[in-house]
Amino acid sequence: MQVPWDDLCFLFGEIMYGGHITDDWDRRLCKTYLREFMHPKMFEGELSLCPGFLVPPFTDYSGYHGYIDEHLPPENPTLYGLHPNAELECLTVASDNLLRKLLELQPQDSSRGEGAAQSTEEKVKSVIEDILERLPEEYNMAEMLTKTTERSPYMLVCLQECERMNRLLAEIRKSLDELDLGLKGDLTISSSMETLQCSLFNDSVPDSWARLSYPSTKTLAQWFGDLMCSCRELDSWTQDFVLPAVVWLSGLFNPQSFLTAVLQSIARKNQWPLDKMTLTVDVTKKTKDDFGHPPREGAYIHGLFMEG
């Protein structure tokens, strides 16, 4: 007599247990586990429920409890099919969240620097004034399109970066103006304004800005400094749409589009099939100031970091 494995998988995955699962992805995960474990190897003692944990032998209820307590390995990423470094990332994120929450719980009625006491509103107002004073104007896309009729891959990347920068600058200016009016009493303080105020006080990048920005883990002051550098890079790039001598890759909103543009540019120049091309990277011993013009093929980049 053969065990009807398919029927058992359907019974457990769709009726007895799976029928109580409301999320489609959770039900899919349940079916995956069933397909992985519900087969004849369960009775051969060769099936591992996880690395280092074999299927227990036939016993009673208390015997299964004892087997689990004695043989189940300590929880680690490999039990879930993940790389061991996943635990480092998980603990890092948990630590960052914990420290961020502790920072948010600190009293917000005194300044953290030297000098006299400073209220939350006073500090936030000074941050608003400083950012609005330094915030550049948005790029005139219509004017830039009239500078040249050429639509090279690098020019398209530049235009896309300017469009993304415009959306970010507009959101920063709009949200700060609204918060400034709210602090003056001209507008009712909303929950989004309170969140923005808390972020400005804690020197963290507001979520509404981060969603439109390039990836960064820096504080607000450092992040805004990078934003100014990105604007200066775009200002230089949009003068004549000539590829800069060295491109700050980590300062782009979409670095992958620039890497694709490198391939497209070389493919068009040499009439090579794009799908057959790959990127190669050569690390030089020079700094970005040592280069006065871009290479004949490819591009010089800087701003990469090694982790680990």
Matching residues, region 197-230, being under 22 Å from GLU163 (Cβ atoms), of a type outside the set (S, T, N, Q) and out of contact with any Leu (no Cβ under 8 Å at 6 or more places or on another chain):
ASP207, ALA210, ARG211, PRO215, TRP223, PHE224, ASP226, MET228, CYS229
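Step by step: first the residues of region 73-96, then only those that are of a type in the set (A, V, I, L, M) and surrounded by 14 or more Cβ atoms within 10 Å (Cβ to Cβ), then the one that is nearest to TYR33 (Cα to Cα). Which residue is that? Quick ask: steps written out before the conclusion?
Just the residues of region 73-96 that are of a type in the set (A, V, I, L, M), to begin with: 79, 82, 86, 88, 91, 93-94.
Retained after the next criterion (residues that are surrounded by 14 or more Cβ atoms within 10 Å (Cβ to Cβ)): 79, 86.
Values: LEU79: 13, ALA86: 21 Å.
Ranking the qualifying residues of region 73-96, first place goes to LEU79.
Yes or no, residue by residue, for (1) over 23 Å from SER175 (Cα atoms); (2) surrounded by 13 or more Cβ atoms within 10 Å (Cβ to Cβ); (3) modelled with pLDDT of 90 or more:
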{"position": "LEU212", "(1), (2), (3)": "no, yes, yes"}
{"position": "ASP235", "(1), (2), (3)": "yes, no, yes"}
{"position": "VAL262", "(1), (2), (3)": "yes, yes, yes"}
{"position": "THR284", "(1), (2), (3)": "yes, no, no"}
{"position": "PRO294", "(1), (2), (3)": "yes, yes, no"}
{"position": "GLY303", "(1), (2), (3)": "yes, yes, no"}
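Could you check region 1-99 for helices (runs of 4 or more DSSP H) lying wholly inside it with 3 or more residues that are within 30 Å of SER199 (Cβ to Cβ), touching a strand residue (DSSP E or B) at 6+ places or on another chain (Cβ under 8 Å) and not assigned by TED's automatic domain parsing to the domain that holds SER204?
Passing ranges: none, list empty.
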Within region 215-233, can you find the residues that are touching a residue at least 40 places away in the same chain (Cβ under 8 Å) and in contact with a helix residue (DSSP H, G or I) (Cβ under 6 Å, 6 or more places away or on another chain)?
SER230
(1) surrounded by fewer than 10 Cβ atoms within 10 Å (Cβ to Cβ); (2) modelled with pLDDT under 90: which one isn't true of LYS269, the others all being true?
(1)
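Just to be sure before I move on: is LEU145 within 30 Å of ALA299 (Cβ to Cβ) and either touching a residue at least 60 places away in the same chain (Cβ under 8 Å) or in contact with a Gly (Cβ under 9 Å, 6 or more places away or on another chain) (or both) in the structure I sent?
Values: within 30 Å of ALA299 (Cβ to Cβ): yes; either touching a residue at least 60 places away in the same chain (Cβ under 8 Å) or in contact with a Gly (Cβ under 9 Å, 6 or more places away or on another chain) (or both): no.
Against the criterion (within 30 Å of ALA299 (Cβ to Cβ) and either touching a residue at least 60 places away in the same chain (Cβ under 8 Å) or in contact with a Gly (Cβ under 9 Å, 6 or more places away or on another chain) (or both)), LEU145 does not qualify.
Sort out which residues of region 123-155 are part of a loop (DSSP other than H, G, I, E, B) and under 16 Å from LEU200 (Cα atoms), and write them in order of number.
Initial filter on region 123-155 (part of a loop (DSSP other than H, G, I, E, B)): 135-140, 146-152.
Across region 123-155, the qualifying residue is only LEU135.
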Expected output for region 1-18 (first residue farther than 12 Å from PRO40 by Cα, partner basic (Lys, Arg) and assigned to a helix (DSSP H, G or I), Cβ below 8 Å, 6+ apart or cross-chain) is CYS9/LYS31; CYS9/ARG35; GLY13/ARG27; GLY13/LYS31; GLY18/ARG27; GLY18/LYS31
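Conditions tested, residue by residue: (1) over 38 Å from the mean Cα position of the chain (by Cα); (2) of a type in the set (Lys, Arg); (3) at pLDDT below 85.
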| residue | (1), (2), (3) |
| --- | --- |
| MET38 | no, no, yes |
| LYS41 | yes, yes, yes |
| SER48 | no, no, yes |
| LEU72 | no, no, no |
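The values are calculated or read from the model by the stated rules, or taken from the named source; none is laboratory data. Since the model is a prediction, treat every value here as computed from it, not as a measurement. Here the Cβ is made from the backbone with ideal geometry for all residues, glycine too, and neighbour counts use every protein chain on show.
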